[in-house]
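Rule-based calculations on the coordinates, nothing more; no lab input. It should be emphasised that the depicted structure is a prediction, and the values quoted were computed from it without experimental measurement. Counting neighbours? That spans all protein chains shown, and the Cβs are built from the backbone with ideal geometry, glycine included.
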Amino acid sequence: MQLNKICLLLCLLFISAVCVGAQIEQASAKKIKIYALRLRPGQDLRIELEKFTKENKISAGFIMTAVGSLKDTKIRLADQSETTSFAGKFEIVSLVGTLAPDGVHLHISLSDGTGKTIGGHLTEGCLIYTTAEIVIGVTGEIVFTRETDQETTYKELKIRKRKRSKN
């Protein structure tokens, strides 16, 4: 019962934040194509995801789930401009983000041998230790692009409905 109250409170807080004037870009899709891939030892996680996005002409992709392990990894921690290197072996406990032809935006959480968890922006230099099993969802009804946002000054996600051809 307590969990239900907490969930309700979180939902109300989210709705309140939306109603206070937050602008939301959105589009909906009815069809989702699913890809599954396995990366092998020594491959760079980010480079392979960028390559997969381009090779498969993914215009609006997202990570559905991912598990695996990394060694000697580099991530960009919150509010830092440079990457931080971590030596050792890590379990991938979470990988989330969007995939677009002009850029990916991915966050990763990693756990070491003691259970300590770190997380941040996935950057190049995250090498697969034994495997990475990734499931990617894609819709052809939406297009993602990354465009500089005047407020944040970062390249942020722009969401558009795909225009239907008149053929």
Exercise for review: Identify, by number, the condition in (1) closer than 16 Å to E124 by Cβ; (2) loosely packed, with under 15 Cβ neighbours inside 10 Å that G88 doesn't meet.
Suggested key: (1)
Point to revise | region 132-156 - residue that is surrounded by 13 or more Cβ atoms within 10 Å (Cβ to Cβ) and within 18 Å of D79 (Cα to Cα) and, of those, farthest from the chain's Cα centre (by Cα) | key: K155
Check your understanding: Got a sec? Which strands (runs of 3 or more DSSP E) wholly within region 53-142 have at least 1 residues that are more than 29 Å from K33 (Cβ to Cβ) and in contact with a Gly (Cβ under 6 Å, 6 or more places away or on another chain)?
Key -> 61-76
**Study point:** Filter result (over 17 Å from the mean Cα position of the chain (by Cα), farther than 17 Å from K74 by Cβ and loosely packed, with under 10 Cβ neighbours inside 10 Å) within region 28-47
**Key:** S28, K30, K31
Study note, to complete from the structure: Flagged in region 111-139 as under 14 Å from L45 (Cα atoms) and among the charged types (D, E, K, R), in numbering order, are E124, E133
